[in-house]
1. What's the total number of residues in the range 312-321 that are farther than 16 Å from Asn141 by Cα and either surrounded by 21 or more Cβ atoms within 10 Å (Cβ to Cβ) or among the charged types (D, E, K, R) (or both)?
2. Kindly evaluate Val195 against the criterion of being in a helix (DSSP H, G or I), of a type outside the set (Asp, Glu) and out of contact with any strand residue (DSSP E or B) (no Cβ under 6 Å at 6 or more places or on another chain).
3. Suppose the filter is in contact (Cβ under 8 Å) with a residue 12 or more places away in the chain, touching a helix residue (DSSP H, G or I) at 6+ places or on another chain (Cβ under 8 Å), under 30 Å from Ala107 (Cβ atoms) and of a type outside the set (Asp, Glu); does Gly343 pass it?
4. What's the total number of residues in the range 86-126 that are of a type in the set (Val, Ile, Thr) and without any contact (Cβ under 8 Å) to a residue 12 or more places away in the chain?
5. Could you pull out the residue among Gly370, Gly357, Gly336 that is touching a residue at least 24 places away in the same chain (Cβ under 8 Å) and under 15 Å from the mean Cα position of the chain (by Cα)?
6. Considering the range 140-159 alone, what residues qualify as being out of contact with any Phe, Trp or Tyr (no Cβ under 8 Å at 6 or more places or on another chain) and closer than 27 Å to Ala172 by Cβ?
7. Show the residue pairs meeting these rules: Cβ distance below 8 Å; 6+ apart or different chains; first residue within the range 312-324 and within 23 Å of Val384 (Cα to Cα); second residue of a type in the set (Lys, Arg).
Amino acid sequence: MSVLDWIRFGLLAAGIVFVATGLLPAATARDSIDRIAPLLLFLGAVIVLAELTKEAQVFDVIATRLAIVGRGSYFALFLLCTAFASLVTIVLNLDTTAVLLTPVMLALAPRAKIAPLPLAMTTAWLANTASLLLPVSNLTNLLAMNRVALDTRAFAARMWAPTLVSIVVTMAFLWVFYWRRGERGEARYQPPPPVAVADRVLFGVAGVACVLFVAAILAGVQIGVAALVAAVAVVAAFAWRDRSKLVWSLLPWRLLVFVTGLFLVVPTLSRLGLADVMHAIVGSGGDGDGAYRAAAAGAGLSNVVNNLPAYVAGEQVIPAANHTQLLSLLVGTNLGPVVTPWGSLATLLWFEWCRRGEVRVPLVKFVLTGAGLAAAAIAATVAVLLATA
């Protein structure tokens, strides 16, 4: 097992110990598990759907087609890649962008003779900063949606303007620090040849399943059910056409263990004093200063311990009636984890793919540009959130 695997199992083991010793009352633990059970169903199903969609070459074909459409212009490719990464994050969640889109982009780089770092940073940053629009975009969104009692369409209506601002600020930072001529080195790139699809039936089924999944959640279908039905359809297609791809490793058990452990450990830490610390930082005001403090607290704690426990810890000290403050916390925990490699699980997984692809990520530049992006994006996004309240 990797170091990350030991951390995941360590969290779960710690949570079980807390329950067994009474540090976390059994009733509180049961409430936490009941709350995340539907989310774990969704998370498992949507990642299986995304993994098999990748195996069906849907991502490869789209990424290569974007590079062809760009016709050698880096600015056109930049616009197309940021739009693609944002779309994948919004409809298939941020972990899909980090885990599945990153290797696709890195594979595209040598075929088109493109510097890999700009492509990699696009997926790293937009996996986090584009994850505000839909409940499915980020696990934190699912928690917030239930807390503020919004359905999918109402959540999207509330968050579309903040999401747009967040993406635009991210694009500005990407262009200035990674995509412009002085950073990438080349004036133009070589458009790659089209990808030859190995099985058009699987390609078509996977593509249609993703489209119907998005349509279903926008129509109000329960997200776990929509993800499960789409995943089952694609699994059935692979069982018919290519059973070799149906392996147990498709199931994201590591992620499920990690999330379950977090939702046992964080309530325990809150009982032991974390809640008092978060309440002192966040304050009691629901708008204005309170919103910015909540966002800053979420971003800061995310870069220390990870964004999921940061959101849960912040949520517990914000009154349920303070919708804008709670959504500001969400902004901080979604946009903030771009400074440290462990800020979000998506960033951790992204670093692992860069290591496998032998892409050198200058850590000092990553931290400094990430800090600038987090500060600018959070300030602008919270301002829009307050203006549209």
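1. 1
2. Answer is no for this residue.
3. Criteria met by Gly343.
4. Number satisfying all stated conditions: 0.
5. Criteria check complete, one pass: Gly336.
6. Phe155, Ala156, Ala157, Arg158, Met159
7. So the pair list comes out as Glu315/Arg147; Ala320/Arg147.
Residues are listed down the side, and each one gets a yes or a no for (1) in contact with a Ser or Thr (Cβ under 9 Å, 6 or more places away or on another chain); (2) small (Gly, Ala, Ser); (3) more than 30 Å from Leu363 (Cβ to Cβ):
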{"position": "Trp179", "(1), (2), (3)": "yes, no, no"}
{"position": "Arg200", "(1), (2), (3)": "no, no, yes"}
{"position": "Val205", "(1), (2), (3)": "no, no, yes"}
{"position": "Ala209", "(1), (2), (3)": "yes, yes, yes"}
{"position": "Ala216", "(1), (2), (3)": "no, yes, yes"}
{"position": "Ile223", "(1), (2), (3)": "yes, no, yes"}
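The values are calculated or read from the model by the stated rules, or taken from the named source; none is laboratory data. Source: prediction; values computed, not measured. Positions of Cβ are generated from backbone atoms using ideal geometry, with glycine treated the same way; all protein chains shown enter the neighbour counts.
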